[in-house]
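Some notes on the structure that comes next.
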Amino acid sequence: MGRIRVRLKERSYDILTGSGVLGRSGAYLSSLNIGKDAYIITNSLLKIKYGDILAGSLSAKGFNVRFKTVPDSEKSKSLKTACPLLKNLAFFDKNRKVFIVAFGGGVIGDLAGFIAAVYKRGIPYIQVPTTLLAQVDASIGGKTALDLDAGKNLVGAFYQPKIVLSDTGLLKSLARRQISSGMAEVIKYAIIGESGLFTYLEKNRDAVFSFRPAALERIISSCAKIKAGIVERDEKETLGLRTVLNFGHTMGHAIESASAYRTYNHGEAVALGIITACDLSRRMGLIGDKLFLRIRNLISAYHLPVKLKGVSLHEVVKAHYHDKKFSGKENKLVLIRGLSRPVAAKNVPLALIKQSLSSIF
Ligand SMILES: NC(=O)c1ccc[n+]([C@@H]2O[C@H](COP(=O)([O-])OP(=O)(O)OC[C@H]3O[C@@H](n4cnc5c(N)ncnc54)[C@H](O)[C@@H]3O)[C@@H](O)[C@H]2O)c1
Ligand SMILES: [Zn+2]
């Protein structure tokens, strides 16, 4: 089992990764002193598949358990879902010893983290991520969020969990498309944070897709370490350091939004965003053709798209102006000078951005 510490003074916590972590969750929580009543937010699929393991482990250590399921959709990251949840939570919270368990993918993690952040101005919560994307990214770092009609993640708070329990054994039931989606974030971490991970991914694709425990633990621990290191230095994104995590995301978000969140899931859009950012880096003379092609080949090897369909260049360009990283007409993009060498570039000429975007059509 892997253990990574996120060092944030009194808000520090561990990320535990490995097969079988879920079955030991009661023991891990016993030592945290976070309360006795576990309010588990999840969806019905996960409750049916793995709910008994979680509930059994918690009950065996004396925790009271209540499951609350929400629909399996991004739509659950909404005020419409959050308000009745809060009312129901208050009803359950009789003994004032309640804590939240976010048991699911990034949608559940963002929603449950938000509920924990605002109920009584903050109660303890733990992350039990069940998708690859949530294990390598969304469960770490304390960003919680709800969506509004006006845009994604517009309501939220920075609020750190007390522990992250990433059971790699749960990933076996994920659809292959979901594994690929998570791999887009893994590839992002390999490019910005660890060239050794990049080479590992080039050599171990089959091990990942056959859910070999050692391979999953290797990549999840590496990503967790990279993200933890960045979050420790810039917890609330005030110093500009956390911006590198946005690599591939400016164009990724534009692609998601231009295609109305239907054609591509988050990871697939990020994969296309990474190719665009690397193509821009190449056009600006920051990297050579060889590295660009290695990155593109890796993305393709993990069954992620390298060409954009069903949306026009004009629509993507229009959508990219709405990115949170824009102020006025000034843009800020994360590019690379090589593996493990991200750079923030300001005011990249629109003509170049268009050329790079054209290359994925
Ligand atoms: N807070 C952050 O830092 C952060 C970072 C990245 C993404 N996010 C957010 O995460 C969300 C996307 O997360 P996601 O990709 O995990 O999507 P998701 O939560 O919608 O999960 C994807 C699908 O996988 C299913 N699933 C989950 N675990 C499973 C398992 N073990 N076996 C079988 N099926 C399983 C879910 O029911 C769902 O249908 C977005 O809302 C995004 O904004 C947040
Ligand atoms: Zn992402």
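The values are calculated or read from the model by the stated rules, or taken from the named source; none is laboratory data. Keep in mind the model is a prediction, meaning the values are calculated, not measured. In this analysis, Cβ positions are derived from the backbone assuming ideal geometry, glycine residues included, and neighbour counts consider all displayed protein chains. Side chains are part of the model used for accessible areas, which takes the heavy atoms of the whole protein and leaves out ligands, DNA and RNA. Shrake-Rupley method; radii C 1.70, N 1.55, O 1.52, S 1.80 Å.
Key figures for this structure:
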read-out	value
Among Phe198, Ala271, Ile108 the positive-end extreme of the charge dipole of the chain (Cβ point charges)	Ile108
Segment Lys9-Lys36, length gained on full extension (0.36 nm per residue, minus Cα span)	7.3 nm
For Thr263, solvent-accessible area (1.4 Å; no DNA, RNA or ligand), Å²	70
Cut-off 16 Å (backbone N to label point 7 Å along Cα→Cβ of Asn88), residues of segment 53-68	65-68
Assigned charges on the beta-carbon of Lys, Arg, Asp, Glu; the chain dipole about Cα centre (debye)	360
Net length gained if the chain between Tyr261 and Thr238 were fully extended (0.36 nm per residue, minus Cα distance)	5.4 nm
Cα gyration tensor shape of segment 105-250, rounded if a/c is under 1.5, else prolate or oblate by comparing a/b with b/c	prolate
At R0 = 25 Å, FRET efficiency that the Cβ-Cβ distance of Lys172 and Lys80 yields, to 0.05	0.15
Within the chain, helix-based [θ] at 222 nm, where runs of 4 or more DSSP H residues each add -39,500 (n - 2.57), nearest 500	-14000 deg cm²/dmol
Flagged links, alpha-carbon separation over 18 Å, of Lys77/Lys307; Lys162/Lys227; Lys47/Lys172; Lys152/Lys225; Lys47/Lys87	Lys77/Lys307; Lys152/Lys225; Lys47/Lys87
Antiparallel DSSP beta bridges within the chain, as percent of all bridges there, nearest 5	40
Accessible-area order (highest first, 1.4 angstrom probe) of the listed residues Lys143, Lys75	Lys75, Lys143
Per residue accessible area of segment 177-358, 1.4 Å probe, in Å²	42
Most mobile listed residue (Arg176, Arg341, Arg262) in the chain, GNM with C-alpha springs under 10 Å	Arg262
Whole-Hz ³J(HN,Hα) from phi, Karplus 6.51 cos²θ - 1.76 cosθ + 1.60, for segment 346-360, glycine and proline x	9, 6, 5, x, 4, 4, 5, 4, 5, 4, 5, 4, 4, 5, 9
Carbon + sulfur, % of accessible area of segment 177-358 - ligands and nucleic acids excluded, 1.4 Å	51
Extension gain from Ser44 to Asn64, taking 0.36 nm per residue of separation minus the Cα-Cα distance	5.3 nm
Debye intensity ratio in log₁₀ form over the Cα atoms of the chain, taken at each q of 0.07 Å⁻¹	-0.29
Helix 249-258 vs. the chain, principal-axis angle (Cα, 0 to 90°, nearest 10)	90
1.4 Å probe accessible area per residue over segment 25-166, in Å²	42
Under 19 Å from the Leu352 label point (7 Å along Cα→beta-carbon), backbone N, segment 264-304	273-293
